[in-house]
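Comments concern the structure below.
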Amino acid sequence: MTDARVVDGRFELLERLGGGGTGTVWRARDLVLHRDVALKEVRPQGADEDAEGFRALRARVLREARGLARVDHPNVVTIHHIVDSGPDTYPWLVMELITGGSLQDRLGRGRMPPPATRPGSAASCSPPSSPRTRTASSTMT
């Protein structure tokens with residue numbers, strides 16, 4: 001990226017990792033902590049045309065991000081920070097960066113051998129069975 005784009009004066013966008021119906025995910029550099037993070041730019045297709053839809057989606061994204069930030073489980077990405085510039089903007093979600101390729105990349109390589117798909121294995125895509133919830137005393141605000 002030739003022109004550095006910095007979000008919230010702290011997160012330098014390095015490369016686009018992917019995108020979909022609700023926005024774009026970037027690899028970004030946290031300039032304060034000197035680490036790479038995943039930064040989700042929430043920009044849903046067509047939502048800007050509907051003011052009520054914009055407000056509802058913005059509220060839902062913030063609510064879900066705050067809920068996810070309380071979950072501590074190896075199968076759930078950690079939310080580090082929310083960049084919220086006010087009620088007329090979509091938030092950016094700062095998350096832990098998981099490396100290793102996309103699900104689409106993995107599916108493109110064909111079927112996985114049975115041992116790798118066994119429930120409880122590291123390669124399993126099963127949802128968390130018993131997430132632990134972070135308490136206020138165990139998180140920084």
Practice problem: Identify the single condition in (1) surrounded by fewer than 12 Cβ atoms within 10 Å (Cβ to Cβ); (2) of a type in the set (A, V, I, L, M, F, W, C); (3) in contact (Cβ under 8 Å) with a residue 60 or more places away in the chain that W92 does not satisfy, given that it satisfies every other one. | Solution: (1)
Quiz prompt | Count - residues of the stretch 41-59 that are of a type in the set (K, R), out of contact with any helix residue (DSSP H, G or I) (no Cβ under 9 Å at 6 or more places or on another chain) and within 18 Å of V94 (Cβ to Cβ) | solution = 1
Quiz prompt | Test result for G86, in a helix (DSSP H, G or I) and either touching a helix residue (DSSP H, G or I) at 6+ places or on another chain (Cβ under 8 Å) or surrounded by fewer than 11 Cβ atoms within 10 Å (Cβ to Cβ) (or both) | solution = no
Quiz item: Restricted to the stretch 13-30, and to residues that are out of contact with any Ser or Thr (no Cβ under 8 Å at 6 or more places or on another chain) and loosely packed, with under 13 Cβ neighbours inside 10 Å, which residue is farthest from Q104 (Cα to Cα)?
Solution: E15
Quiz prompt | Qualifying positions in the stretch 67-79 - part of a loop (DSSP other than H, G, I, E, B) and within 12 Å of the chain's Cα centre (by Cα) | solution = V76, V77, T78
Practice problem: Identify all residues within the stretch 1-12 that are under 18 Å from Y90 (Cα atoms), surrounded by fewer than 16 Cβ atoms within 10 Å (Cβ to Cβ) and of a type in the set (A, V, I, L, M, F, W, C); write none if there are none. | Solution: V6
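Bear in mind that the values in this text are calculations on the coordinates, not laboratory data. Computed from a predicted model, the values in this text were never measured in an experiment. In this analysis, Cβ positions are derived from the backbone assuming ideal geometry, glycine residues included, and neighbour counts consider all displayed protein chains.
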